[in-house]
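Let me begin by presenting the structure, written as C-alpha cells, before commenting on it.
The values are calculated or read from the model by the stated rules, or taken from the named source; none is laboratory data. Keep in mind the model is a prediction, meaning the values are calculated, not measured. Quick reminder, even Gly has a Cβ in these numbers, built from the backbone with ideal geometry, and neighbours come from all protein chains shown.
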Amino acid sequence: MNNIEIARFNMIEQQIRPWEVLDHQVLSTLQRINREDFVAPAYRGLAYADCQIPLANGARMLPPTVAGRMLQALLLNTDDEVLVVGCGSGYIGACIASLARRVKCIDADAELVALATANLEQAGQHDIEVVQASPGDFDETDSYDAIAVTGSLASVPQNLKLALRPGGRMFVIVGDSPVMQALLITRMDDSEWTTQSLFETDLPRLHT
C-alpha cells in the first residue's frame, strides 16, 4: 500500500471503528471515497487525521469520526433522498451519494458552494445538486428521507424538521461551544418527532 492507502486504512481501523462505527456499508464508503480529493493542497497531509480541516470563511470539514457516526446514525438506503445542509468541501455529499438515491447540498456561502461543486465534478460525482441557500430560509416543498447538517446550530430549525418525511432522520449538532450535542431527530408522523442524543462535540457554526 502507498502512504495514502495506509492513512485511509488507519483512519478506518484506528479512528472510526473505535468510535463504534461498525456498519459495513458506511465503512466501505469511507474506504472508497478519496478524502484527499476534497482537501486543499496545503492540508493534504491531514486528509485522514481526526481533526477539523479548515475550509473557506471559518468553515471546517467534519472530523472522520464525526462523519462516520453521522453516516451510520442516518441509516441511509439506496431509495433515500437526502438534503445536506452545509456543503463544505463536498466530501459528505459524495459519501452520502454512495449510500442514497438522490443528494442535494445547500450552503449560504458562495465560496463553499463553488468549492464543493468543483471538488465533486473533479471526483466524478456529477449527479449531486449543489445550491446556494440559507438553511434559515429553506422552505421548499421538497421533502427528504434524511437531512445531514454539517455545522453546528444554536437550535434545530423547525423548517428542517418539517422537511423530513414520516420516518425521516436528521443528524444535527446544537448548543454552544465548548460542549455541543450531536442529535438524531426522527419524524414519527405529521406532528411528532423523537430526539436521541448521540455524543458531545464542538464544531463551528453553520453559515446562515
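Filter segment 110-129 for residues that are under 16 Å from the mean Cα position of the chain (by Cα) and in a loop (DSSP other than H, G, I, E, B); which is nearest to residue 83 (Cα to Cα)?
128
What residue, of 48, 91, 43, is aromatic (Phe, Trp, Tyr) and under 13 Å from the mean Cα position of the chain (by Cα)?
91 is the lone residue from the list that is aromatic (Phe, Trp, Tyr) and under 13 Å from the mean Cα position of the chain (by Cα).
What's the total number of residues in segment 157-167 that are on the phi < 0 side of the Ramachandran plot and either among the polar types (S, T, N, Q) or not in a helix (DSSP H, G or I) (or both)?
7
Check segment 77-91 and report whether any residue there is crowded, with 23+ Cβ neighbours inside 10 Å and in a helix (DSSP H, G or I).
Within segment 77-91, one or more residues are crowded, with 23+ Cβ neighbours inside 10 Å and in a helix (DSSP H, G or I).
For residue 56, only one of the following conditions fails: (1) of a type in the set (A, V, I, L, M, F, W, C); (2) modelled with pLDDT of 95 or more; (3) surrounded by 14 or more Cβ atoms within 10 Å (Cβ to Cβ). What is its number?
Result: residue 56 fails condition (2) only.
All but one of (1) under 20 Å from residue 184 (Cβ atoms); (2) in contact with a helix residue (DSSP H, G or I) (Cβ under 7 Å, 6 or more places away or on another chain) hold for residue 100; state the number of the condition that does not hold.
(2)
Per-residue answers, yes or no, for (1) touching an Asp or Glu at 6+ places or on another chain (Cβ under 9 Å); (2) over 23 Å from residue 117 (Cβ atoms); (3) in a strand (DSSP E or B):
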site	(1), (2), (3)
131	yes, no, yes
141	no, yes, no
146	yes, no, yes
169	yes, yes, yes
173	yes, yes, yes
185	no, yes, yes
191	no, yes, no
195	no, yes, yes
198	no, yes, yes
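Go through (1) within 24 Å of residue 109 (Cα to Cα); (2) surrounded by fewer than 18 Cβ atoms within 10 Å (Cβ to Cβ); (3) among the basic types (Lys, Arg) for residue 35 and report which single condition fails.
Only one criterion in (1) within 24 Å of residue 109 (Cα to Cα); (2) surrounded by fewer than 18 Cβ atoms within 10 Å (Cβ to Cβ); (3) among the basic types (Lys, Arg) is unmet by residue 35, namely (2).
Looking at (1) in contact with a Cys (Cβ under 9 Å, 6 or more places away or on another chain); (2) over 24 Å from residue 196 (Cα atoms), which is the only condition residue 67 fails?
(2)
If residue 175 meets every condition in (1) within 16 Å of the chain's Cα centre (by Cα); (2) at positive phi apart from one, which number is that one?
(1)
Would you please name the residue that is farthest from residue 201 (Cα to Cα), looking only at residues in segment 13-34 that are part of a helix (DSSP H, G or I) and in contact with a Phe, Trp or Tyr (Cβ under 9 Å, 6 or more places away or on another chain)?
The extreme case among them is 31.
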